[in-house]
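Have a look at the structure below before the remarks.
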Amino acid sequence: MVHDHDDYVEAVLALVEQVPPGRVTTYGAIADVLGVGGPRQVGAVMRTHGAAVPWWRVVRADGTLPPSHDEEAVGAYRFEGTPLLVRPSGGFRIDLRQAGWWDWVSGAGLPAPTSVDS
């Protein structure tokens with residue numbers, strides 16, 4: 001149960017650590033599982049506390065990371081074999097249909113997020 005900020009931080013980081021190599025989840029999916037906050041709150045935790053966990057395994061709902069992390073993340077994705085798609089505007093995003101990991105989302109009785117991949 002999340003009672004205060006420290007509990008929230010611990011809960012977010014604990015969920016991120018469960019995402020297996022080569023797979024990703026979204027900020028919103030983590031917030032949904034916790035039932036507290038939203039994608040921005042999860043993003044704030046990751047921004048200030050995420051260095052100790054596999055932060056590259058948490059992406060935006062469209063499969064992208066903030067631009068300042070693209071280069072480092074792509075190296076991690078390639079190492080782990082995470083499916084990437086080339087963006088028309090340049091850069092990459094994650095193929096959420098193949099790499100999305102929603103096991104604890106469905107375990108919490110929530111539907112898997114709808115992928116934007118077509």
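The values are calculated or read from the model by the stated rules, or taken from the named source; none is laboratory data. Worth saying up front: this structure is predicted, and the values here are computed from it rather than measured. Using ideal geometry, Cβ is built from the backbone for each residue, glycine included, and neighbour counts are taken over all protein chains shown.
At-a-glance table
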quantity	calculated
Residue list for segment 12-26, restricted to those being surrounded by 18 or more Cβ atoms within 10 Å (Cβ to Cβ) and without any contact (Cβ under 8 Å) to a residue 40 or more places away in the chain	VAL12
Failed item, numbered, when TRP102 is tested on (1) modelled with pLDDT under 90; (2) among the hydrophobic types (A, V, I, L, M, F, W, C); (3) touching an Asp or Glu at 6+ places or on another chain (Cβ under 8 Å)	(3)
Given (1) crowded, with 20+ Cβ neighbours inside 10 Å; (2) at pLDDT 95 or above; (3) in contact with a Phe, Trp or Tyr (Cβ under 7 Å, 6 or more places away or on another chain), number of the condition ARG57 does not satisfy	(3)
Segment 72-100, residues that are in contact (Cβ under 8 Å) with a residue 12 or more places away in the chain, of a type outside the set (Asp, Glu) and in a helix (DSSP H, G or I)	ALA73, VAL74, ALA76, TYR77, LEU96, ARG97, GLN98, ALA99
Any hit, segment 88-97, residues being in contact with a strand residue (DSSP E or B) (Cβ under 7 Å, 6 or more places away or on another chain), surrounded by fewer than 18 Cβ atoms within 10 Å (Cβ to Cβ) and either modelled with pLDDT under 95 or of a type outside the set (S, T, N, Q) (or both)	yes
Lone unmet requirement of (1) surrounded by 15 or more Cβ atoms within 10 Å (Cβ to Cβ); (2) within 15 Å of the chain's Cα centre (by Cα); (3) at pLDDT below 80 for VAL116	(1)
